[in-house]
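Presented below is the structure to which this report refers.
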Amino acid sequence: MKRLQWGMIGGGEGSQIGPAHRMGAQADGNFVLAAGALDHDAERGKDYAQRLGVAADRAYGNWQEMLEGEKSREDRVDLVTVATPNSTHFEITKAFLEAGFNVLCEKPMTMSVEEAEEVVKIVEKTGQICAVNYCYSAYPMVREMRNMVAKGEIGQVRLIVTNFSHGHHGDAADADNPRVRWRYDPEMAGVSGQFADCGIHAMHMASFIAGDEVRSLSADFASTIGSRELEDDAMVNFRMENGTVGRLWTSSVAVGRQHGFEIQVFGETGGMKWFAEQPNQIMYTPLGGRTQIIEKGEGGLSDEAARLSRVAIAHPEGFPMAVANIYVDLAAAIRGEAHGAFPSATDGLRSIAAVHQAVASAKADGAWLDARPPMFR
Ligand code: NAD
């Protein structure tokens, strides 16, 4: 089958997320990196793109040049990934969607709710694909948990407890380091620090596994390092549409925690736990029974978990292959083939609406607020 043409904006040399996209997009032979505007420094971006195999005339100095260059080509890119800093996501995503390209945007999709609603409306109007990279939801064993909930294996979900808490910004002496400081500066990061950066992955995961949406929330935000304007720690309580209770803790000052993303789902007849640092396993406890380990690659897993696993039992695949799973379904969708779910612009909208409402709640001493985007109320 012919490979799809793939373009990337941001994710330049030394970036955090760029390599996971390049490994993920190209892991299964679906996409070839054909074009890129990879860096805020035009020359660095062009040079790196060519070292990655992009032809010189498709190694662009910036995204505007890439848009113009690709628009007029017969073999224009089939998918554009936006992996630049947050404040640029909206204008780049909007411009490419309106020019008829499919987009995979990094999270958060936009800075404001209004912008996110605009993206959703563009997608509805144009029919282009716009996905958002909530890649943790594409781990095989997360798909297994979603499947177990859908099959009623733990009964009605009563409670979801999730943490995305690390300690990598916990050093007060390093708080002025420019690579750290921008995340807590509203000029650069927007209305929220840690919740918008990591907490929204956890909230998306809760919705994804439960097959339900967050309806209301109450938040407590703290800036534990005094020089920070935005929160570096947040506790968000929420309720889902069907009444499920949610408790979400996210932090960047939890010294000793590394990646720190875990989720526990408690139902009427059982409980489950998944931890991103041991992503091959689900701990499952049926009501009144013993705790069992369900392992990626073992017999009897759902078709979805099996479909998204590549290597045999007990071998780790890890984060870039979770990203690859997003690309597997995007490739199928672009080719018009049957495909599984991938996080959409609507998920991106729900997240940014929850971020803004969490900020408002925290300012109002934890008042309970409607978490839904205005267009879904
Ligand atoms: P980074 O600072 O490490 O890298 C950003 C890259 O974008 C750099 O190469 C920079 O030169 C380039 N860039 C900046 N402005 C640009 C522009 N206008 N045009 C082209 N390139 C430009 O950042 P990062 O940590 O890789 O984060 C990038 C995005 O990915 C953020 O939105 C972040 O939230 C998201 N992210 C998502 C995950 C996830 O799990 N889904 C994980 C990490 C980061």
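The values are calculated or read from the model by the stated rules, or taken from the named source; none is laboratory data. If you're wondering where the values come from, they're calculated on a predicted model, not measured in any experiment. Here the Cβ positions follow ideal geometry from the backbone for every residue, glycine too, while neighbour counts run over all protein chains shown. Just so you know, the surface numbers come from the protein's heavy atoms only, side chains and all, with ligands and any DNA or RNA stripped out. Shrake-Rupley method; radii C 1.70, N 1.55, O 1.52, S 1.80 Å.
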Which shape class, rounded, prolate or oblate, goes with the stretch 313-363 when its Cα gyration tensor gives a ≥ b ≥ c as root eigenvalues, a/c under 1.5 marks rounded, and past that a/b bigger than b/c marks prolate?
oblate
What accessible area, in Å² to the nearest ten, does a 1.4 Å probe give for TRP368?
120
Enclosed volume per residue, in Å³, of the convex hull spanned by Cα atoms of the stretch 4-135
99
With each run of n ≥ 4 DSSP H residues scored as -39500 (n - 2.57), what mean residue ellipticity at 222 nm is computed for the chain after dividing by its residue count and rounding to the nearest 500 deg cm²/dmol?
-9500 deg cm²/dmol
Mean-position separation - Cα centroids, the stretch 157-208 and the stretch 91-114, in angstrom:
22
Inter-part gap, Cα centre of the stretch 14-57 to Cα centre of the stretch 339-359, in whole angstrom, is 26
Sequence-separation-based contact order of the chain, relative, with Cα cut under 8 Å and 6+ spacing, percent:
19
Near ARG58, within a Cβ-to-Cβ distance under 11 Å, what is the net charge of the other residues, with Lys and Arg +1 and Asp and Glu -1?
-1
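Under unit Cβ charges (Lys, Arg +1; Asp, Glu -1), what dipole magnitude, rounded to 20 debye, does the chain have relative to its Cα centre?
For this selection, approximately 820 debye.
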Please work out the FRET efficiency for the pair SER227 and GLU277, using the Cβ-Cβ distance as r and a Förster radius of 51 Å; give the result to the nearest 0.05.
0.95
Going through the stretch 1-79, which GluC sites (Glu not before Pro) have at most 12 other Cβ atoms within 10 Å and a DSSP loop state?
GLU74
By the Cα gyration tensor axes a ≥ b ≥ c (a/c under 1.5 gives rounded; else a/b larger than b/c gives prolate, otherwise oblate), the shape of the chain is oblate
Measuring with a 1.4 Å probe in the full set of protein chains, what accessible area per residue, in whole Å², belongs to the stretch 4-135?
39
The whole-number value in µm²/s of the Stokes-Einstein translational diffusion coefficient for the stretch 155-275, with Rh from the Kirkwood sum over alpha carbon pairs at 37 °C and 0.692 mPa s, is 221
The pairs in LYS151/LYS273; LYS71/LYS94; LYS151/LYS296; LYS2/LYS46 lying past 23 Å Cα-Cα in this model are LYS2/LYS46
